Structures are given as structure tokens and as C-alpha cells.
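A.B. asks: Following this message is one structure expressed as C-alpha cells.
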Amino acid sequence: MSVNARPKSRDGFQIAIICALPEERDTVENIMTAHFKDPKRPYGKAQGDDNVYTLGELGGKPVVLVAPRGMGKLNTRDLARGLRISFPNILYSFVVGITGGAPFTYEGKATAVSDKHLGDVGGAGGASFTYNGEAWKESDIHLGDVIISTHVVEYDFGKEHDHVFESRTDIETVLPRAPQEVANFIHQFERGRSAAFKRILGKTNADLAGHSELETGPGKYHEHPGSAGGVDHVYALGYRHKHQKSGTCETCDKCTKWQHEVCLFARDASCEDLGCEPCLTHRARDTKLHFGRYGSADAVLKSGHRRDLLIKQKHVIGFEMEGAGAWEVLPTIVIKGVQPTPNNSVEASSTAKRDWLLPRPANPQYTGYSYVLEYLKNRILAEDGELRNRRQLTIVMSGMGGVGKSETILQFVKRNRTPLHERLYAALWVDCGSEMTVRVDFRRISRLYDWNFGDDDILDGVKDRLVSSKTPILLILDNCDDSTVDYNRYIPNGD
């Protein structure tokens, strides 16, 4: 289709693409082959529709690209209602982006009861194994694979009991089956045997290779999520995402069952930082397409135990947050790529979020003050970890302005990143140049952890929360240059 053949009105659009994250939306817009931006022929939108649309051509078809105001199925449901009013002839709405994938599938009760972790039965693709008397199988879902929906399950709608969450299953509340036209469209590809499927799979891998130079930001490009080292890791059923080395963390040492808590640092740390051992390592390969059920909810799924229950009870193979919202309103197909997920699942090394709140990257050209860096390492990263966890340590660096004190601290954090991640929950930087800059940085810290404090309570509130952390925190107070100011009031009171 050419630009000159653009639809005459909004009624001529039959395909919508819904993206939850800005990066997802920007990626789709960048690969459009044409954009319909003629101010003399605006398409507009229906009255009362507050969505913002990007119209163009993709794959030779006119498409409507739109993003909700935020993540989650409720935001997507509101978007879909406006989309349906402004573009009444939409036949297919594709919810695209990233998803978590199921590393295993549930096969039912084991015929012969034996407890083996996946690592005990080898790493062959599709291998079967037993766990707690139940049969499981490797799903063959790798990082970078694509999951296409055959149905969507809204798993966070139901009843919360003391010991379990019970999803609603009555016919009035569950999501309906896919419309017949959508179901027929999926069915022609689902078994993977048709010429159309093979053509799409080949084009998918060719397009992925061609878009590797697509810039997503200054100096940032798309890459396969398992490309770092060419591998991605799978962790066994029942494996807890926590500090694995005994004696590193008192809280994690006590975590022996799924309901036991882990320390705050472990919740967002990478498996590499925690010393987690994968039961299976996947080598890089071409992308595969998988068809199956998605689990959809308004919360990010970070529980390996909860994920495995959903695999067992709902037979889902993907986990996301927008599909159910669109599914209820429009003919919907969820198509998402598998990315690393936080706990006990398909995960790439060195990809998890880290709470390193620093003002800027360290200067790669830095030289000097090696003795200061060595002193900081000896004091902060002392071998006696037990002693370091029990008392507060305060170090003051003094010197004239501009001699490099701030840069030296940044260099210390950069050069000792791995041991700091093992010991600390976070490294947080506060600019003490004025009362206003202190409050701004304390507000940044509160937003990082979703702590809600008013302006009058922000200082004491953040300090109290930092004191309550069971894992040490490195708090850096910069620009403490005014001798009339008592900077101790910005330091949490703790042992």
C-alpha cells in the first residue's frame, strides 16, 4: 500500500497496535514505512476520546498506533473503549511488547513418584522431570522468543483468602473466547506446519536481524535479551531468588520455604549478584513462535511460586499486564517477546534493576587518589562482614572544592560494584548543597521505593525507612561545605 492510498477516513482503519511502554511504542513507530501526518487532511478522533494516536503504514496496511496512559489492564481497557469509538471498524488489535515466559509446563501427577530438580535430569530441550510427585516438562521458551495468545486469563480477579488467592471462574466474570475471525486467524499458524507459519517465522528472524541497528535512544540499540554471552538461564522449580552464600545475609539464611521473606536487596538484585545457580542454560538460537494462554493482571509478577501455580492451574505460558483490558473490548491478539523476569524463571545474567542512585557515571579517564580508594575499600568492604552489618560506619572526606572528592566516591562505587552489590541493599546519593537539594534527593529516594511522605515528613520518613533496612545501605552526602550546617541531621540514626 502506498501513502497515496491512505484511508479516506477513520473508518478505513482495521488494525490497531497497542503498546504499554514508551520504548515499545517508539519501536513500532520507528519501523513504520509511512506516517499519515497531513495537516490538511487530519483524521481527528471522536468527541470524548482522550487517546493520542499515531497513524501510518506497517506491512503494507494502514495501522493505528496508541499507548495507554500507564501500564495495566485497567488503563488498557479505558484506551480500548476510546479506540473503538474513534475507529469503529477495527478487526484486529495487537497488544505488543515484552512478557515473562513460562520455563516449564505442567504435565499432571507423576506416574512414578521421585523428587528431582531439573538439573538432575539433564538439559535436553523438552526434557521431562518430576518435582514433589508431579510431572513437569521444559517449555522450550527462550529469551527473545515470541508468545502469541490463544486466550487471556485475568488471574488477579477473585477472592483473597489467608492461605491462597482464588480466581473467579464463573461464566459471567471470565473473559470470553476469542472472536471467531481472530480464532481462525490464529489457528492457521498455531500448529506450525503451514507454509504461512514458516513464512512468518522466517520473516520474523530476518526482521529482527535487520532491526538490530534501530536506535532506541542516544547510543542505545535493540538487542536480543539473551545476547549477553549468548546465553540465558533457567532456575529450578522451588528455587528461591535470594543470597545463596551462607552467612551473607541473615534474612536470606532463614529463607527455606516459599512463604519466607528474603532481604530487600535480593528482591531487585540480579541472579549473578546473589550467586544463584541455574539448572539449565540456553544457548542463543533463532527466535521461535509459541502459541498459548496469557495470564494478565494489574501487577508485575515477581513470585516464582505464584508463577508456577498459574502454570499448573491456568495452563498459561506468558505473563503480562495489558492483554485482558483490550481483550474485553476489542478483537485482540497479544504478541509479545520474552524478556528476563525477576524471580526463578527464564533470566539473563546482569539484567535486573539495581538501586544505585548516583548523580552521574564515573569518569573513565580518572587517575589519582589510589590511596583514598584503597582506604575506602578496606573500611567499607572489611572482611568482617558480621561486624560491618552490626554498626554504622561514618567516613568524612575533606578537601578544597574541585579537587575530586565526589569523583573519587563515584570511582569507588564503580570499581567495587560486585562486592558492594553483595553487601549492600543500595547506594544512595544526596546533594547537601542546600536544604532544597537535600529535600529533592530525599524525594527521589522515596519515589524509588514508593514511600509516600508529605513535604514536612520527607526527611524523617526516609531516614526511618533506611534505618529499618536489614541489609546495609551506602548513603553518600555530597557538598557538605557549610560549617554552620549540622549535616548529622541527614544521617539515619542506626547501629
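A.B. asks: Just the number please: accessible area per residue for the range 272-338, 1.4 Å probe, all protein chains included, in Å².
C.D. replies: Roughly 36 Å² per residue, with all protein chains present.
A.B. asks: Then there is this: At A127 and D253, where each label point lies 7 Å from the Cα along Cα→Cβ, what is the point-to-point distance in nanometres?
C.D. replies: About 3.3 nm, to one decimal.
A.B. asks: Per residue, how much accessible surface does the range 395-495 expose to a 1.4 Å probe? Answer in Å², no decimals.
C.D. replies: The answer is 55 Å² per residue.
A.B. asks: Oh, and also: How much of K314 can a 1.4 Å solvent probe reach, expressed as accessible area in Å² and rounded to 10?
C.D. replies: 40
A.B. asks: Within straight cross-link reach of K257, meaning Cα distance under 18 Å, which lysines are found once same-chain residues fewer than 8 apart are removed?
C.D. replies: Excluding near neighbours in sequence, the set is K116, K242, K245, K302.
A.B. asks: For labels at E261 and R177 in the simple 7 Å Cα→Cβ model, what's the distance in nm?
C.D. replies: 4.6
A.B. asks: Could you calculate the FRET efficiency of L74 with S398 from 1/(1 + (r/R0)^6), where r is the beta carbon distance between them and R0 is 51 Å, rounded to 0.05?
C.D. replies: My answer for the efficiency is 0.45.
A.B. asks: Under 20 Å from the Cα of K203, which lysines turn up, not counting those fewer than eight places away in the same chain?
C.D. replies: Cross-link targets: K61, K288, K336.
A.B. asks: Quick one: length gained pulling N479 to V440 fully straight, 0.36 nm per residue minus the C-alpha distance?
C.D. replies: This chain segment gains 12.6 nm when fully extended.
A.B. asks: Separate question: What residues have an amide H closer than 5 Å to that of V95, excluding those fewer than 5 places away on the same chain, when H is modeled at 1.01 Å from N in the peptide plane?
C.D. replies: The answer is I18, I333, V334, I335.
A.B. asks: Then there's this: Label-point separation (nm) for T33 and E160, each offset 7 Å from Cα along Cα-to-Cβ?
C.D. replies: 4.9
A.B. asks: To the nearest 20 debye, what charge dipole does the range 246-333 have about its Cα centre, counting +1 at the Cβ of each Lys and Arg and -1 at the Cβ of each Asp and Glu?
C.D. replies: 440
A.B. asks: Figure the gain on full extension for S468 and A46 (residue separation times 0.36 nm, minus the Cα-Cα span) and round it to one decimal in nm.
C.D. replies: Computed gain between S468 and A46 is 146.8 nm.
A.B. asks: Using a 1.4 Å probe on the protein heavy atoms, what percent of the accessible area of the range 396-440 belongs to carbon and sulfur?
C.D. replies: Reported share for carbon and sulfur atoms: 60 percent.
A.B. asks: Less than 18 Å apart at the alpha-carbon level, and either on another chain or at least 8 residues along: which lysines does that give for K40?
C.D. replies: Here the lysines satisfying the reach criterion relative to K40 are K8.
A.B. asks: Here's something else I'd like to know. Between K137 and L357, what is the FRET efficiency for a Förster distance of 41 Å, r being their Cβ-Cβ separation, to the nearest 0.05?
C.D. replies: 0.45
The values are calculated or read from the model by the stated rules, or taken from the named source; none is laboratory data. Fair warning: this is a prediction, and the values are worked out from it, not measured in the lab. We place every Cβ from the backbone using ideal geometry, glycine too, and count neighbours over all the protein chains shown. These accessible areas exclude ligands, DNA and RNA; they are computed on the full protein's heavy atoms, side chains included. Shrake-Rupley method; radii C 1.70, N 1.55, O 1.52, S 1.80 Å.
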